[in-house]
Amino acid sequence: MSSDQIISNLPIVFPLAVALGTLLWSCRWVRIHKRARLPRPPAETAEDLGDGSAPAPEADKRFSRLDWIVMLSITAVYALVAFTGLGSRNVPQSYLHFEQANTYAQIELTEPQPILRVRYWSGLNTADYLLQFSQDGEVWVDQVTDDDTSSMTQKYTQLFRWNDATLNSTSEPVRYVRIISGAEQYLGEVVLYGVYGTPIPADKLIPAKGCEALLDEQDTVPDSYSFLNGTYFDEIYHARTALEMIENIWPYEITHPPLGKAIISLGIRLFGMTPFGWRFMGTLFGVLMLPFLYLLFKRMCGYTAVAGAGTTVFAFDFMHFVQTRIATIDTYGVFFILLMYLCMFLWLTEPPERKRRRLLWLALCGISFGLGAASKWVCIYAGAGLAVIWLVYWVRRFQRERKAARDPFLLNVGWCLVFFVLVPCAIYYASYWSYAPSQGITGPFRLFNKGYFDLVIDNQVYMWNYHSDLVATHPYASKWYQWLVDARPILYLLDYLPDGRTVSFAAFNNPLVAWGGLAAMAGVGWCAVRDRDMTAWFILIGYLANLLPWMLVSRLTFAYHYFPCTLFLVLAIGYVFADLRRRDIHWRAAVGGFTAGTVALFVIFYPVLAGIPRTAAYSRVFLKWFTDTWPF
């Protein structure tokens, strides 16, 4: 076989290697787990039984100094990777406010010259501009497209990014430029390119009085547009809405609850209306997921090595990395799902004599549920899983204690009514706080205003109708059964550079997490049914609660809707890790190999996760595992 043939076959080798590795890893666990059911010699005299199995070492669920070191190290490394290349902080921040239609801004050139390009930064609100050139300030030439439409537009897909006007006269010298607004809107910066194709220096331009904001940040103009210096995908909705909440403007996007966008607005307040600013909080929440997940692993299994390995697997899952670095609201839903399941598990495993602490964990679980529901409705699916876990716990307790469990049960029901019904409803209702001023509802007691109540109710009706009646198509849409095997990623960006390289990135799971996690989840289901293992039931119920509702959804869906399930795939992988740690004398090879493979795949796929330019050859050899369905 020639070298060219070997290279051409590499895209087949990678998925086969991952699939084979997953199969061997799974078979190893099945063999060890089945063997472990046989009688064993005492721990102090036990040796390797010939198949690699070993007596279970004692687990310590207390949080040690080593745990702090491991947890913080993983978190710090991931934070460094996640915040690198997140987005520019050098984009226009001052705007010219066109207060109504037919108001205009004017720029004079100190010396007449042809203008080859007009690049501009769009702010809030949508409308077309009428762009005009003049040699004498008296006779104006409209710049329109071939179909006689505006050459300078500010559509909803163009906000908070650089755009280029389409010019129809570039050879004649120009002395004056005029921009006439089609409605109330904001324009951030205008850059004029002269005869040499370079920006005309600001000291050669004279803005009309009151138009200085169009020329005061000329150093922010990039050579070309990219995701690093502007909005992309659903950022055109959520980043915009976050700013509107700050500015007390009725938000453009009201198809989801407000809390996620309110959290995005915190990053904008800190770093300005910049790509780094509107993506900061999502990335921070993605980082913060790791210590909480580590805590959950540690409480589940008691092994530092397993907690560290499981957290690393999640840290370098593709979905987790990509989805938390875009200014959309899914990150916050997943973060609060993690918190609510962590608190529920702490409630389940807290010693019975610690009654106050158990009630505290249950209260925090309900608060996390309320925060999640106020961020995105998918958290309600996860909440249904919590209800099932809670019910199973009490059924089992009644089986053990019978009448003695009645009074604790009634007390617990009352506690849950407060923290899983009243408190979440209050959080959800209060999350509309920033919507109210745009409707003239202000003051510290706005929550008790009838107008505020009507605003909240009307938005629930609107959201329900929107999502239930949505009929749309999308080239990167996918169904739930495709998510299970990574069949159809969603492509967020695709650009072709002049030198032939490509810039793109997509949201999908690390193949080892998708395939290995699915195999692990099958094993978890087996242990839940066969061994009646409550930890296994906990993981399985959480996974199904976040997956089953999507099987009934007929509207447009995407791979990122599987993000909440990714948490439980990783927990299932950690469950297998812990079982190998307990029973397999060679567990380091199995656990370490899987974890290292996850990180290695992250490195290989990093260009299509972070938008790094790559050659066609790199894509063809390393990334195009499935030519028909992986669109990068």
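All of the numbers you see were taken from the coordinates with simple rules; none came from a lab. Please read all numbers here as calculations on a predicted model, not as lab measurements. Virtual Cβ from ideal backbone geometry, glycine too; neighbours counted across all protein chains shown.
Rounded if a/c is under 1.5, else prolate if a/b beats b/c, else oblate: with a ≥ b ≥ c from the C-alpha gyration tensor eigenvalues square-rooted, which is region 96-221? Judged from the Cα gyration tensor, region 96-221 comes out rounded (a/c under 1.5).
Only lysine pairs 8 or more places apart, or on different chains, with alpha-carbon atoms under 22 angstrom apart are counted in the chain, and they number 8. Near F398, once Lys and Arg are set to +1 and Asp and Glu to -1 for all other residues with Cβ below 15 Å from its Cβ, the sum equals +4.
Other residues whose C-beta falls under 12 angstrom from the C-beta of A590 contribute a net charge of +3, scoring Lys and Arg +1 and Asp and Glu -1. The angle separating the long axis of helix 563-583 from the principal Cα axis of greatest extent in the chain is about 30 degrees. Take each peptide in 494-501, 304-311, count the other Cβ atoms within 10 Å of every residue, and average; sorted highest first, the result is 304-311, 494-501. Remark: E138, E217, E212 ranked as E138, E212, E217, counting other beta-carbon atoms within 10 Å and listing the fewest first.
With a cut-off of 14 Å between beta carbons, the residues surrounding R614 carry a summed charge of +1, where Lys and Arg count +1 and Asp and Glu -1. Remark: R397, R269 ranked as R269, R397, counting other beta-carbon atoms within 10 Å and listing the fewest first. Among T331, T283, T473, the ranking by other beta carbons within 10 Å of each residue's beta carbon, starting with the fewest, stands as T473, T283, T331. Ordering 576-586, 256-266, 456-466 by mean Cβ neighbour count within 10 Å, with the highest value first, yields 256-266, 576-586, 456-466.
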